[in-house]
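See below for the structure under consideration.
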Amino acid sequence: MVTAGLVLGGCSGHRDGDSLAVDSAVAEAARLKDDLGYRDRPRDAEHIAATEVAQEGAGDGTVGRELLAWSGRTAGSEQATIDVRFVAVVAARPGTSFGTRGHSAGRATRCYRYLLQLYRYTSYDEIDCPSVTTPAPPRAAPIPKLPDDGRERLTAALRTATPDTLAGAVRAAFPAEHITVDTTTHEGALVAAVGVPAERDCLLMVRTPDGKITSPGYDRIWLEPGETGCKTGLYVSPPR
């Protein structure tokens, strides 16, 4: 639940609660835009709606969010859209003998469409609120990632591999299509990098000529788009 911050003026009089509720709904819509912010991961709209747009009802003094629709995804040049209804409820508050203004009870509803695109900041526009039933809550699909035992899998593959079998052994250890595999032999060492590029998830390991298996460090900025990526180059020819 998001609490509306209603700051009352210091002069006498009585304010309209509906007007205050409108201000609260508009402010909460802007806050959600800022929270959705810059998009740097491919995600479908349903996942974003399920994990980043809370769906909560409104009570006195609060602003509730209701998901109305979602479509598309943030991938490549594609765009995701999420429609949200904001319902603000303001409880009546009497003025005080010290001159603090009171206000009547109020309620307001505003709807907005959020536009999200990869490597862009979120934008939004106000839309007419539809007279439709709120859909079933969205469900977040699992985010592609390396397996929890990825380090153990790669260690086992490197331990028994030869230069000729390295690529096949590592791919066999990581058969999922969303995982990339890059291997090479460098100055007698077997080098393997496995990862999920879209998530900047990368496991780099090396078996040195003496049989020792290590995990060389690297600057994670090299995993960003346009950089080296999850490749054996992180070890063989690291950026300078």
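The values are calculated or read from the model by the stated rules, or taken from the named source; none is laboratory data. Being a predicted model, the structure only gives us computed values, none of them experimental. Here the Cβ is made from the backbone with ideal geometry for all residues, glycine too, and neighbour counts use every protein chain on show. We work out accessible area using only protein heavy atoms, side chains counted, and drop any ligands, DNA or RNA first. Shrake-Rupley method; radii C 1.70, N 1.55, O 1.52, S 1.80 Å.
With charges set only on the Cβ (+1 for Lys and Arg, -1 for Asp and Glu), what does the dipole of the chain come to about its Cα centre, in debye to the nearest 20? List each step's numbers first, then the result.
On the way: 27 positive and 31 negative charges, 54 e Å.
It works out to roughly 260 debye.
May I ask you to derive the FRET efficiency for residue 127 and residue 148 from their Cβ-Cβ distance with R0 = 51 Å, giving the value to the nearest 0.05?
On the way: r = 42 Å, r/R0 = 0.82.
Efficiency, rounded to the nearest 0.05: 0.75.
Please work out the FRET efficiency for the pair residue 27 and residue 177, using the Cβ-Cβ distance as r and a Förster radius of 41 Å; give the result to the nearest 0.05. Before the final figure, lay out the partial values.
Numbers: r = 44 Å, r/R0 = 1.07.
Once rounded, the FRET efficiency stands at 0.40.
Tell me what the chain gives for mean residue ellipticity at 222 nm when only DSSP H runs of n ≥ 4 count, each as -39,500 (n - 2.57), the sum divided by the residue total, rounded to 500 deg cm²/dmol.
Values: 5 runs with 51 residues, N = 240.
Helix contribution divided over all residues of the chain: -6500 deg cm²/dmol.
Taking a cut-off of 20 Å between Cα atoms, list the aspartates and glutamates near residue 212, but don't count ones fewer than 8 places away on the same chain.
149, 152, 164, 182, 187
For the chain, what is the accessible area per residue in Å² when the probe is 1.4 Å?
On the way: 12760 Å² over 240 residues.
In whole numbers, the chain has 53 Å² accessible per residue.
If a/c stays under 1.5 just call it rounded; otherwise compare a/b with b/c (prolate if a/b is bigger, oblate if not). Do that for segment 158-220, with a ≥ b ≥ c from the square roots of the Cα gyration tensor eigenvalues. List each step's numbers first, then the result.
Details: a/c = 2.44, a/b = 1.32, b/c = 1.85.
Since a/c reaches 1.5 but b/c is at least a/b, the shape of segment 158-220 is classed as oblate.
Using the crude model of +1 on Lys and Arg Cβ and -1 on Asp and Glu Cβ, and no other charge, please compute the dipole size for segment 149-236 relative to its Cα centre, in debye to 20. Walk me through the numbers on the way to the answer.
Working: 9 positive and 12 negative charges, 47 e Å.
The dipole of segment 149-236 has a size of about 220 debye.
Does anything in segment 166-188 have its amide N under 14 Å from the 7 Å Cα→Cβ label point of residue 141, and if so which residues?
So the set is 177-178.
Could you give the distance between the Cα centres of segment 151-190 and segment 212-240, to the whole Å?
So the separation of the two Cα centres works out to 16 Å.
How long are the semi-axes of the ellipsoid equivalent to segment 115-240, from square roots of 5 times the Cα gyration tensor eigenvalues, in whole Å, largest first? Walk me through the intermediate numbers first.
Working: eigenvalues 318, 64, 19 Å².
Value: 40, 18, 10 Å, ordered largest first.
Computed from these coordinates, which is mean projected area of the Cα convex hull in nm²: (i) 13.7; (ii) 16.5; (iii) 18.3?
Evaluating mean projected area of the Cα convex hull in nm² on these atoms matches (iii).
Could you check what % of the DSSP bridge pairs in the chain are antiparallel, to the nearest 5? If you can, show how the numbers build up before the last one.
Working: 49 of 51 bridges.
Just about 95 percent of them are antiparallel.
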